[in-house]
1. Consider only pairs whose beta carbons are under 6 Å apart and that are at least six residues apart or on different chains; among these, list those whose first residue lies in the range 57-75 and is at negative phi and modelled with pLDDT of 90 or more and whose second residue is part of a helix (DSSP H, G or I) and of a type in the set (S, T, N, Q).
2. Looking at the range 317-359, which of the residues that are assigned to a strand (DSSP E or B) and more than 37 Å from the chain's Cα centre (by Cα) is farthest from Ile388 (Cα to Cα)?
3. Report, by residue number, each residue of the range 370-383 that is loosely packed, with under 11 Cβ neighbours inside 10 Å, of a type in the set (A, V, I, L, M, F, W, C) and not in a loop (DSSP other than H, G, I, E, B).
4. Please pick out the residue among Ser331, Ser377 that is under 28 Å from Ser393 (Cα atoms), small (Gly, Ala, Ser) and without any contact (Cβ under 8 Å) to a residue 60 or more places away in the chain.
5. Tell me which residues, restricted to the range 320-345, are out of contact with any strand residue (DSSP E or B) (no Cβ under 9 Å at 6 or more places or on another chain), surrounded by fewer than 13 Cβ atoms within 10 Å (Cβ to Cβ) and not small (Gly, Ala, Ser).
6. Taking the stated definitions as given, is Glu246 surrounded by fewer than 16 Cβ atoms within 10 Å (Cβ to Cβ), under 19 Å from Ala61 (Cβ atoms), in the same structural domain as Ile45 (by TED's automatic domain parsing) and of a type outside the set (A, V, I, L, M, F, W, C)?
7. Can you go through Ala183, Ala152 and tell me which one is more than 17 Å from Leu104 (Cβ to Cβ), more than 27 Å from the chain's Cα centre (by Cα) and of a type in the set (A, V, I, L, M)?
8. Restricting to the range 122-150, what's the tally of residues that are under 20 Å from Ala19 (Cβ atoms) and either in contact with a strand residue (DSSP E or B) (Cβ under 6 Å, 6 or more places away or on another chain) or aromatic (Phe, Trp, Tyr) (or both)?
Amino acid sequence: MSQPQATIAPITDLEIKDARMIFGPIWSALEEQHGSENLHFPKEIILLGGAPGSGKGTNTAFISQTRGLTSAPVVMSSLLDSPAMKAVKDVGGMIGDREVLSALLDELLKPEHRDGVILDGFPRTTVQVECLKMMYEKMTQLWREHYGTPLASHFRQPVIQIIVLFVNERESISRQLKRGREAKAHNAEVRRTLHGKLLEKRPTDFDEHLAGHRYRVFKEQTWDALLSLKDVFHYHLINAQGAISEVEHNILKELEYQSSLELDPLTYNRLRTLPVASDIIIHARQELVKRLDGYELNTPEVFQRVVSFIENTMMPVIRLHAISGHANINSEDLLLGEPAALGMLLDIFSERGYFAVVDVHHVEIPEQVDLASGKISCRVKKIYRIIIRFKGSEIRRG
């Protein structure tokens, strides 16, 4: 009689999947350990996601520079490879959503992240997405509770942004395999010369099938997790298909103006009537041409005098500074005090390719002293300080 074959039961995932049951105890532990008044989280958190080979590592420094962030990015894979996490794994423990969230919150409380931080590799699961929403709610609650109090500077309005660097599957596979070839060549050179540091060799960087599988895992897990937050946080999908310079241009274009996200609502409302610099330069050339033609049509006599003043008085001085490309000229000419004359002067220089700035100084010159009262009567002298800049000669000096 044959013996019944033993079967191995599938491993059951016993981890709690209720986000509130995970988040609640972790937050309570933070409050108990630090005190709610000391829970100083980053002002700005940038969640950086991207397909394999999309250039997250390449572009992280540029994103930090663009946003003015000085702290090192928090990479979840490195954070979960810490001695504390290794100790959990060494005794057979699992690194689940609870451990990920706990490690992340502890890291975000570090002072170096206070002004902002890039977070790479979070969230990856549905539970982590929900925990992120709850974390943002708590951060917003702390901001509101301390608004207008002496502690307000430690609890600024939180901003969470999502940046996804996107490449298609074909480009992702191509870049992964290229990375593998470059790592192999680099490591061979290091072994030959005994100089340099060996690069990590990922199995997915040497197998087209594995590289494709890695991309599909990203689309099915990380991509869906980040996409689910599109209507919750500020979401930026950046085309990372092109060269590095093109990707950097796309990043700049996406992130260049964000005052409405960063400033307190009252502060933003106070400033919003002032035009942004990028707005006033949109039609600057057309407006310049219109003004110059208007001078010629409406006030030709004054216009001609300003042109003559530039040609006969200023250009000889400017030519002497052809190498430096920088000339400072002081003038007391009464012409500059006439209506529209200064505007004409600035517009003429702008049209001819110079950068011109005029500063008017009022100097009081004593003219009469009343010996009885000691009162001194003065006349005011106007000095027009004109700064002209242009690209100087590149001739070698010395």
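The values are calculated or read from the model by the stated rules, or taken from the named source; none is laboratory data. Source: prediction; values computed, not measured. FYI the Cβ positions are ideal-geometry reconstructions off the backbone, even for glycines, and counts take in every protein chain you see.
1. Matching pairs, first to second residue: Pro73/Thr60.
2. Kept after step one, since they are assigned to a strand (DSSP E or B), are these residues of the range 317-359: 326-331, 355-359.
Narrowing the set further to residues that are more than 37 Å from the chain's Cα centre (by Cα) leaves 329-331.
Working: Ile329: 8, Asn330: 11, Ser331: 13 Å.
Among those that are assigned to a strand (DSSP E or B) and more than 37 Å from the chain's Cα centre (by Cα), it is Ser331.
3. The answer is Val380, and nothing else.
4. On the way: Ser377 fails: under 28 Å from Ser393 (Cα atoms).
One residue alone meets the criteria, Ser331.
5. Ile323, Pro339
6. Values: surrounded by fewer than 16 Cβ atoms within 10 Å (Cβ to Cβ): yes; under 19 Å from Ala61 (Cβ atoms): yes; in the same structural domain as Ile45 (by TED's automatic domain parsing): yes; of a type outside the set (A, V, I, L, M, F, W, C): yes.
Considered against the rule, which asks whether it is surrounded by fewer than 16 Cβ atoms within 10 Å (Cβ to Cβ), under 19 Å from Ala61 (Cβ atoms), in the same structural domain as Ile45 (by TED's automatic domain parsing) and of a type outside the set (A, V, I, L, M, F, W, C), Glu246 comes out as yes.
7. On the way: Ala152 fails: more than 27 Å from the chain's Cα centre (by Cα).
Only one candidate qualifies: Ala183.
8. Step one: filter the range 122-150 for residues under 20 Å from Ala19 (Cβ atoms), giving 122-142.
When the remaining residues are screened for being either in contact with a strand residue (DSSP E or B) (Cβ under 6 Å, 6 or more places away or on another chain) or aromatic (Phe, Trp, Tyr) (or both), the result is 122, 136.
Counting residues in the range 122-150 that are under 20 Å from Ala19 (Cβ atoms) and either in contact with a strand residue (DSSP E or B) (Cβ under 6 Å, 6 or more places away or on another chain) or aromatic (Phe, Trp, Tyr) (or both) gives 2.
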